[in-house]
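The values are calculated or read from the model by the stated rules, or taken from the named source; none is laboratory data. As the structure is a computational prediction, the values presented were derived from the model and not from experiment. All Cβ positions, even for glycine, are placed from backbone atoms using ideal geometry, and neighbour counts span all protein chains on display. Each accessible area value is taken on the protein alone, full model and side chains, heavy atoms only, with ligands, DNA and RNA left out. Shrake-Rupley method; radii C 1.70, N 1.55, O 1.52, S 1.80 Å.
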Amino acid sequence: MTMTSSQSSHQFAQVLQDAQAAPEFLQGNSAQLPIFPLSLLSRQTESAELWNTYEKLLVSCLQSGDEKSAHLCLERLINRFGASNERVMALRGVYEEAIAKTPRDLERILQEYETTLAANPVNIPVAKRRITLLQSLSRQADAIKALVELLDFSPSDAEAWMELAELYFSAGMYDRAVFCLEEVLLIAPNAWNIHARLGEVLYISGASDTAKDNAETVELLHSSVQRFCRSIELCDDYLRGYYGLKMATNALFEKAATHTKVSAKTIKDLNDKASGALRKIVDRKDSGYNEDELAAARRLIEKS
Amino acid sequence: MTFMSRVLLITGSILLAHACYSAQEVSALLNTNDSPISSINSAETSDSTPYPSLSGTSTRSLSNLPLDVIIETLVSVALLCLGIVLGSEPLKPISWRVWAAKVEREKDLKKDVVTGTEDGYLWLENGRRKGFIDIRQHRQDFANWVRTQDQ
């Protein structure tokens with residue numbers, strides 16, 4: 001799964017809307033917030049939300065190409081928190097990466113990140129920027145190495161584990177990706193989408209194995225079914241979970257069912273349940289599901 | 001629902017105000033009618049109990065309050081309660097799976113940039129991890145999207 005497919009047209013529309021609202025927002029909020037005694041009289045109060053909004057606007061403006069507003073956002077963040085704030089440093093990095101024209105500019109930014117990290121190796125936001133830039137420069141092996149080092153001293157960072165899982169996944173190292181996803185689930189045990197993702201990775205690693213009757217493959221598909229079941233348990237009418245359950249049980253049918261710990265009947269029941277739920281979701285009007293996902297579900301039902 | 005609740009609230013307030021006014025009038029009437037007796041009563045009991053006049057008048061006026069005023073008060077309070085309950089915000093889901101379904105349903109809805117926060121665990125998904133945002137890829141995707149919109 002690439003970045004392209006993960007962003008829906010809804011999200012692009014959202015970015016465009018945010019970016020269009022930016023100039024007005026920047027004008028409405030003055031650059032200089034009133035200092036203490038005056039701030040009691042002023043209507044404009046400082047809140048964490050305000051700075052979160054600046055951060056979000058900065059990214060939206062950069063994405064839509066409104067560099068002037070983005071620069072203004074960044075300037076205000078620097079004025080407020082100082083250029084040496086770790087989070088602000090990372091945001092400045094995002095800005096510079098976005099306006100970089102040539103590969104040489106990117107190399108220079110990478111050098112800057114490395115100097116920063118040499119001075120302070122636990123600057124996590126900048127370390128993440130460096131990893132992202134390495135990926136962007138197609139240096140996946142370096143990115144994985146840096147990410148593993150990052151996780152060594154910050155092992156409770158779900159975001160980093162998730163990123164590492166996707167890196168391993170795109171490199172085809174499925175067992176390592178599964179390990180990383182399990183680490184994410186230790187931190188966020190009720191995350192239904194991570195359960196579904198783990199199910200997908202297990203399914204793909206099981207289905208990519210062409211040897212039939214392989215006990216190990218059947219084992220992988222079994223775990224995949226379990227993960228999808230858990231995701232459905234955690235989220236009502238979860239299209240992604242039911243879709244995966246249907247696919248995984250279908251695959252278990254194809255691979256001989258003789259090895260299964262679970263009886264063939266249970267698998268059959270699960271498959272029927274997934275079909276029923278998918279049909280119900282597809283038939284529903286104005287359900288709020290993604291159109292592409294609905295179309296895929298429709299195709300899957302028709303095939304069976 | 002909001003219209004209904006507003007009607008109930010207004011009716012309830014009017015009824016309550018009317019009941020209060022009636023009760024006040026009734027007690028005023030009683031006080032003028034049998035003021036000599038009540039003053040004698042309070043004078044008699046004042047020796048035995050510390051708050052004679054208070055307890056004496058309150059029990060007397062309550063028992064003398066006409067039944068329709070009491071009913072009016074109770075009905076108006078009930079109407080006010082109903083109006084407040086009906087006019088309140090819809091309840092938030094307290095069951096995890098219902099809440100999760102709501103988050104999934106609303107993830108693609110347009111959000112206000114100032115208040116729109118990402119709920120649940122969506123921020124862990126591909127392309128949504130803020131710390132690892134690949135801004136150059138995002139810019140390119142956005143440009144491609146704009147091109148398809150123009151066609």
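Assuming a ≥ b ≥ c are the square roots of the Cα gyration tensor eigenvalues, decide whether chain A counts as rounded (a/c under 1.5), prolate (otherwise, with a/b larger than b/c) or oblate.
It is prolate, given that a/c is not under 1.5 and a/b is the larger ratio.
Within 10 Å of each Cβ of A:121-133, how many other protein chain Cβ atoms are there on average?
For peptide A:121-133, the averaged partner shielding equals 2.
Summarise the partner chain shielding of B:99-108 as one whole number: the mean count of Cβ atoms from other chains within 10 Å of each residue's Cβ.
Taking all residues of B:99-108 together, the mean is 6.
As a test of the definition: with a 1.4 Å probe, what buried accessible area, both sides summed, do you compute for B against A, in Å² to the nearest 100?
That pair of chains buries around 4800 Å² in total.
With a ≥ b ≥ c the root eigenvalues of the C-alpha gyration tensor of segment A:82-144, is it rounded (a/c under 1.5), prolate (a/b larger than b/c) or oblate?
The shape class here is oblate.
Ignoring ligands, DNA and RNA, what percent of the 1.4 Å accessible area of chain A is carbon and sulfur?
That share works out to 54 percent.
So, by mean Cβ neighbours within 10 angstrom, what's the order for A:221-230, A:142-151, B:67-76 with the highest one leading?
A:221-230, A:142-151, B:67-76
For segment A:43-77, which GluC sites (Glu not before Pro) pass both filters: DSSP loop (anything but H, G, I, E, B) and at most 16 other C-beta atoms within 10 Å?
Sparse-neighbourhood loop GluC sites (Glu not before Pro): A:Glu46.
For a quick protection proxy, order the peptides B:82-91, A:198-207, A:183-192 by their average other-Cβ count within 10 Å, most packed first.
So the peptides B:82-91, A:198-207, A:183-192, ranked by packing, come out A:198-207, A:183-192, B:82-91.
For B:Cys20, what accessible surface area do you get with a 1.4 Å probe? Give it in Å², rounded to 10.
80 Å²
Can you tell me which of A:Gly172, A:Gly288, A:Gly244 moves the most in a GNM of chain A? Springs connect C-alpha atoms under 10 Å apart.
A:Gly288
Normalised by the residues of segment A:190-304, what does the relative contact order come to in percent, with Cα pairs under 8 Å and at least six apart?
The value is 24 percent.
Would you mind giving the mean number of other chain beta-carbons within 10 Å of the Cβ of each residue in B:137-149, as a whole number?
6
Under unit Cβ charges (Lys, Arg +1; Asp, Glu -1), what dipole magnitude, rounded to 20 debye, does segment A:190-304 have relative to its Cα centre?
240 debye
Which one of A:Leu245, A:Ile267, A:Thr132 is farthest out on the positive end of the charge dipole of chain A, using unit charges on Cβ (Lys, Arg +1; Asp, Glu -1) and the Cα centre as origin?
A:Ile267
About the Cα centre, and with charges only on the beta carbon of Lys, Arg (+1) and Asp, Glu (-1), how big is the dipole of chain A? Nearest 20 debye, please.
580 debye
I need the peptides A:103-113, A:122-132 ranked by packing, meaning the mean over residues of other C-beta atoms within 10 angstrom, with the highest value on top.
A:122-132, A:103-113
For chain A, what is the accessible area per residue in Å² when the probe is 1.4 Å?
I get 51 Å² per residue for this part.
Quick check on my link table: of A:Lys56/A:Lys145; A:Lys246/A:Lys285; A:Lys265/A:Lys303; A:Lys285/B:Lys92; A:Lys273/A:Lys303; A:Lys255/B:Lys107, which ones sit more than 27 Å apart, alpha carbon to alpha carbon?
In this structure, A:Lys56/A:Lys145; A:Lys255/B:Lys107 lie more than 27 Å apart at Cα.
If you fit an axis through the alpha-carbon atoms of helix A:9-28 and take the longest principal axis of the Cα set of chain A, what angle between them do you get, 0 to 90°, nearest 10?
For helix A:9-28, the angle is close to 20 degrees.
Is the shape of segment A:107-175 best called rounded, prolate or oblate, per the rule: a/c under 1.5 gives rounded, else a/b larger than b/c gives prolate, else oblate, with a ≥ b ≥ c the square roots of the Cα gyration tensor eigenvalues?
oblate
Hey, what angle do you get for helix A:192-207 against the long axis of chain A, alpha-carbon based, 0 to 90 degrees rounded to 10?
Long axis of A:192-207 versus the principal axis of chain A: about 50 degrees.
Averaging sequence separations of C-alpha pairs under 8 Å and six or more residues apart, then dividing by the length of chain A, give the relative contact order as a whole percent.
Answer for chain A is 8 percent.
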